[in-house]
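Have a look at the structure below before the remarks.
The values are calculated or read from the model by the stated rules, or taken from the named source; none is laboratory data. A quick note: this is a predicted structure, and the numbers were derived from the prediction, not measured. For neighbour counting, all protein chains shown are included, and Cβ atoms are generated from backbone atoms with ideal geometry for every residue, glycine included.
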Amino acid sequence: MILVDTAPLIALIDAGQGDAHHRCVEAYQTITSPLLTTWCCFTEAMYFLYQLRGWFAQDILWQFVNRKALYLHSTGVEEQQRMRELMRQYQNVPMDLGRSKK
């Protein structure tokens, strides 16, 4: 599996992303394994796709999931506890969920 963030998901679907769209489509055509993303990235991609192209673009992203070309990772309690430990350990490094440090 290949881990994918929000921006490439959007660029893969939205031709209005210009060069990023072309690069993502080209890369996707060479990938032989499914993509993997988090629910956070999936939700963010859905939000932006709606803003850019409406339900039609969101439905394309759902189609990736339906045909098992994209999997959504769900965290369990143990994984969430480990994330908290890492965030505590590296609290002075911009590694958190939801805000960027300036």
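The lone criterion from (1) buried (at least 17 other Cβ atoms within 10 Å of the Cβ); (2) touching a Cys at 6+ places or on another chain (Cβ under 8 Å); (3) within 20 Å of residue 75 (Cβ to Cβ) left unmet by residue 5 is number (1).
Scanning segment 16-46 for residues that are surrounded by fewer than 13 Cβ atoms within 10 Å (Cβ to Cβ), farther than 20 Å from residue 71 by Cβ and free of Cβ contacts under 8 Å to residues at least 24 places away in the same chain turns up 18, 19, 22, 26. Which of the residues that make up segment 50-77 are over 18 Å from the mean Cα position of the chain (by Cα) and at pLDDT below 95? Hit for segment 50-77 is 76, nothing else.
Every condition in (1) in a helix (DSSP H, G or I); (2) touching a Leu at 6+ places or on another chain (Cβ under 7 Å) is met by residue 11 except one, and the failing one is (2). Checking each residue in segment 8-38 for being in contact with a Phe, Trp or Tyr (Cβ under 9 Å, 6 or more places away or on another chain) and among the hydrophobic types (A, V, I, L, M, F, W, C) picks out 9, 10, 12, 13, 35, 36.
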